[in-house]
Amino acid sequence: MKINSIRFKASILYTSILCVILVVFSGVLFYLTALILYGDVDERLRLKATAVADILKSYEDLRKTPVTPQDLINRLLGIDDPSLMILENLWRSDIKALRLQEDYFFILNGYGMPVIRSENLDKNMEDLFKTQLPINFSGMFFKDIKNEKQRLRAINLPFSLSHRNLLVIQLATPLDFVIAILQKLMYFMAASVLFILGLTSFLGGFFARSILKPVLNVIKTADDISHTDLNLRIQETEGDEEMKRLIRSFNAMIERLEKSFAHVNEFSSHVAHELKTPIAIIRGEMELALSEPRETREYERVMQVCLQEIDRLTRIIRDLLLQARLDYNLEVFRFEEINLVEFIREMHEHSQILADEKKISADLKLPGIRQVPVKADKTHLRRLFLNLITNAITYTPEGGRIGIELTLAENQAQVAISDTGIGISEENLTKIFDKFFRAHKGGDDPVPGTGLGLSIARSIVRAHQGTITVQSRINEGSVFTVILPLA
Ligand SMILES: Nc1ncnc2c1ncn2[C@@H]1O[C@H](COP(=O)(O)OP(=O)(O)OP(=O)(O)O)[C@@H](O)[C@H]1O
Ligand SMILES: [Mg+2]
C-alpha cells in the first residue's frame, strides 16, 4: 500500500480517530474506576476509625465517673489498676473483631503524643506517619502516604470523649489491592486498545480496498482506451452512488471525446475533399489542354478555370486559417467601444448594394435612441454581419426581401437578419454552424460557397460574449439573431 494512496490515508485517518476515542474512553474509565476504588477505601477507613473511636467511648461509659483520656488509656492498658485488666482484654477482642491486622493506627492526645498504637506499627511506619500525615484536631481528612516499599491511604479523624478532651485517630491501610486492580485494568485496556486498533486498521484496509475496487476498474479501462477504441465503456457496477456517478461521468466524457474525435475525422475528410476538388479540376483541365495542340482561346479558357479554382482554394485556406485563429487565439480581437446604431446603418448600406444586384429589397429598423454602445472588434463584427447578410441574399430568390433590425433588451442589443428565402429544414438547422456544412449544394446550379461562413460567424459572436440563434421555415425564410452584451 503506497503512503499517498487514498486507501492508506483513509485507514490511517480512521485508525487515528479511533485511537483518540479509545484512549480518551480508557482514560475516563480508568479515572472513574480509581475514583470509585478510592471512595470505597476512604469509606472503609472512615468506618474503621469511627468504630475504634466508638469502642473507646463505650469503655468510658463502663466507668461511672468521667476520667481524663490518659486515665482511661492507662486503665485500658492495665497500667494503674490491675483490676481493670478486663478492659484490656475487651479492647483486644474488640479490635480483633474490626480486622485491623493489615492496618496501622495511632491514637494521639491533645498534645499530639501517641497514647495507643497498633501492634504492627514499627519504626519505619511511625516515621512515615510523622513526616507525611499532619495531625489535625479540627476536621477529618484523607491522604496518600508512601515510602519506597508501600503506598497507603490514611485517615485523620478527631473525636472526643465525654469530658470533651480531644483525641485524634490516624489510621492507614495499604493500597496494594487498589493498585493491583488499577494496574490490571491498565494492562487490560492497553491490550484491548492495541487489539482493536490492529483489527480496525486491518478491516479498514480491507474495506477500503473493496470500496476502491471500482476505481481500479475505471483506471484499467482508462488505461486501455486509445483513439482507436473510444467505443469502450466502463461497466456500471451495483454499489455506491458516488462510484456510479464517477463511472457515468467518465463514460459521458469518453462519449464526448468519441463524438469530437469523429467530428475531427469528418472535418479533416471534408477539408481534404474541399481541397481535392479544385485541384482535380485544375489537373483535369490542364491534362486536357496538353493532350493535343489547341487554339489560344482554349488555353485562355483553361487558364481562367484554373485561376477560379486557385481562388477557391485560397479562400478555403484563408477561411480555415481565420477560423483556427478565432477559436484558439483571442488576441486577434481588438475590442473597442462602438455605437451599434451607426454600425448597423453602415451594414445596411453595404447590403443594399449587394441586394440591388439581385433585385432584393433590404429593410432597416433601428430603435428610437441614437446610441447603443457595445464592446466589439469592428473588423470581425463586420465580417460576422456580412456573412449573415450575404447568406440572406444568396439564399433568397430574386424579388425577395431581407431585413436588418436592431432592438434593445435589458443589457443586451439584439440584431436580427431576416430573409424571405428558401429556408432551412429543421433537420439541417442544428448543422448549419458546422464547418463545411452546406444545406443547398448540388443540383444544376449550385450556389458557390465553402460552408465556413456561419462557423466563422459563431466564433466571432462567442468571442464577443454573445449568442447566435436561427429560426427558419422551408420556402418561407430565415431569421438569424445575434445578441451582444451592452458596453
Ligand atoms: N439565410 C439562409 N437561408 C437559407 N439557408 C441558409 C441561410 N444561411 C445559411 N444557409 C444554409 O447554411 C449553409 C451554411 O452556411 P455558411 O454561410 O456557413 O456556408 P456557405 O454560405 O454555404 O458558404 P460560405 O462559407 O461561402 O459562406 C449554407 O450552405 C446554406 O445551406
Ligand atoms: Mg455563407
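The values are calculated or read from the model by the stated rules, or taken from the named source; none is laboratory data. These figures come from a predicted structure and were not determined experimentally. All Cβ positions, glycine included, derive from the backbone under ideal geometry; neighbour counts span all protein chains shown.
The condition of being within 30 Å of Glu43 (Cα to Cα) and not in a helix (DSSP H, G or I) holds for only one of Leu167, Leu185, that being Leu167.
Given the structure, is Thr420 within 13 Å of ligand 1 (Cβ to nearest atom) and touching an Asp or Glu at 6+ places or on another chain (Cβ under 8 Å)? Here the answer is yes, as Thr420 does meet what is asked. Residues in region 478-487 that are closer than 15 Å to Asn428 by Cβ and in contact with a Phe, Trp or Tyr (Cβ under 9 Å, 6 or more places away or on another chain): Ser478 only. Between Ile389, Ile402, the distinction of being within 16 Å of ligand 2 (Cβ to nearest atom) and outside any helix (DSSP H, G or I) belongs to Ile402 only. You will find that of Glu426, Glu410, Glu405, the residue that is more than 10 Å from ligand 1 (Cβ to nearest atom) and at pLDDT 95 or above is Glu405 and no other. Cβ-Cβ distances below 7 Å connect the following pairs, each with a first residue in region 367-384 that is of a type in the set (S, T, N, Q), a second residue that is not in a strand (DSSP E or B), and a separation of six or more residues or different chains: Gln371/Val341.
Matching residues to (1) free of Cβ contacts under 8 Å to residues at least 12 places away in the same chain; (2) assigned by TED's automatic domain parsing to the domain that holds Ile95:
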residue	(1), (2)
Lys130	yes, yes
Met140	no, yes
Leu161	no, yes
Pro174	no, yes
Phe188	yes, no
Leu199	yes, no
Leu203	yes, no
Phe206	yes, no
Ile219	yes, no
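From the set of residues in region 452-487 that are in a loop (DSSP other than H, G, I, E, B) and of a type outside the set (Gly, Ala, Ser), which is nearest to ligand 1 (Cβ to nearest atom)? Looking at residues that are in a loop (DSSP other than H, G, I, E, B) and of a type outside the set (Gly, Ala, Ser), I get Leu452. Total residues in region 101-126 satisfying the condition of being touching a residue at least 60 places away in the same chain (Cβ under 8 Å) and part of a loop (DSSP other than H, G, I, E, B): the figure is 2. Looking across region 226-259, the residues that are within 16 Å of Leu216 (Cβ to Cβ), aliphatic (A, V, I, L, M) and part of a helix (DSSP H, G or I) come down to Met243, Leu246, Ile247. Here is the figure for region 365-399: residues that are under 57 Å from the mean Cα position of the chain (by Cα) and more than 23 Å from Glu410 (Cβ to Cβ) total 17.
Each residue in region 227-262 was checked for being surrounded by 12 or more Cβ atoms within 10 Å (Cβ to Cβ), of a type outside the set (Ser, Thr, Tyr) and under 16 Å from Lys213 (Cβ atoms), and 8 of them qualify. Residue count for region 434-487, restricted to those that are modelled with pLDDT of 95 or more, within 13 Å of ligand 2 (Cβ to nearest atom) and β-branched (Val, Ile, Thr): 1. For Arg294, the conditions (1) assigned to a helix (DSSP H, G or I); (2) surrounded by 13 or more Cβ atoms within 10 Å (Cβ to Cβ) are fulfilled apart from (1). Set side by side, the residues Phe129, Phe142, Phe159, Phe137 differ, and just one is under 19 Å from Lys57 (Cα atoms), outside any loop (DSSP other than H, G, I, E, B) and modelled with pLDDT of 85 or more, which is Phe159.
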